[in-house]
Amino acid sequence: MGEVRWISEWRARRAAIDDVPMGAPPFVLEEPCPGCNRRRIATMVWRRRPGDAFSTALPRMEPHFECRDGEVLHQEITDAGFALTGWSGILGHFEAEIPAV
């Protein structure tokens, strides 16, 4: 069997298949990525959890939530090792417009 790589990215894409964008301005985390020091920008979406009748509001990170040495460790907040409801403790702010990079 080969080594599994980029599993976080695959899991994030799979989980995001049925996301419904809220139409809110981009959500920018106050702390940059500790791996590459880039700004972490999210799109607010409604996501339905498997087996749950209700959707949960959460920020979908793009292009990644956390990396180290060029490898993406966690593609999203939901993949970063804390409860889905814990994202509300992450500090950030909404921006009307994100400048082009």
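The values are calculated or read from the model by the stated rules, or taken from the named source; none is laboratory data. Everything numeric in this text was worked out from a predicted model, so none of it was measured. Don't worry about glycine lacking a Cβ; one is built from the backbone with ideal geometry, like all the others, and counts go over all protein chains shown.
Kindly indicate the residue of the stretch 21-74 that is small (Gly, Ala, Ser) and free of Cβ contacts under 8 Å to residues at least 40 places away in the same chain and also nearest to ILE90 (Cα to Cα) among those meeting that condition.
ALA57
Could you check the stretch 55-72 and list, in sequence order, the residues that are surrounded by 14 or more Cβ atoms within 10 Å (Cβ to Cβ), hydrophobic (A, V, I, L, M, F, W, C) and within 21 Å of MET22 (Cβ to Cβ)? If you could, list the steps in order and put the result at the bottom.
Of all residues in the stretch 55-72, those surrounded by 14 or more Cβ atoms within 10 Å (Cβ to Cβ) come to 55-56, 58-62, 64-67, 72.
Imposing the further condition that a residue be hydrophobic (A, V, I, L, M, F, W, C) reduces the set to 58, 61, 65, 67, 72.
Once the filter is applied, which keeps residues that are surrounded by 14 or more Cβ atoms within 10 Å (Cβ to Cβ), hydrophobic (A, V, I, L, M, F, W, C) and within 21 Å of MET22 (Cβ to Cβ), the stretch 55-72 yields LEU58, MET61, PHE65.
Give the residue that is modelled with the lowest pLDDT, with candidates limited to residues of the stretch 17-47 that are surrounded by fewer than 12 Cβ atoms within 10 Å (Cβ to Cβ) and assigned to a loop (DSSP other than H, G, I, E, B).
It comes out as ILE17.
Return the only residue of PRO50, PRO63, PRO59 being closer than 19 Å to TRP10 by Cα and modelled with pLDDT of 75 or more. Spell out the reasoning first.
On the way: PRO50 fails: modelled with pLDDT of 75 or more; PRO63 fails: modelled with pLDDT of 75 or more.
Residue meeting the stated conditions: PRO59.
If I filter the stretch 68-101 down to residues being part of a loop (DSSP other than H, G, I, E, B), hydrophobic (A, V, I, L, M, F, W, C) and more than 21 Å from ARG14 (Cβ to Cβ), which single residue comes out as modelled with the lowest pLDDT?
Across the stretch 68-101, the extreme among qualifying residues is VAL101.
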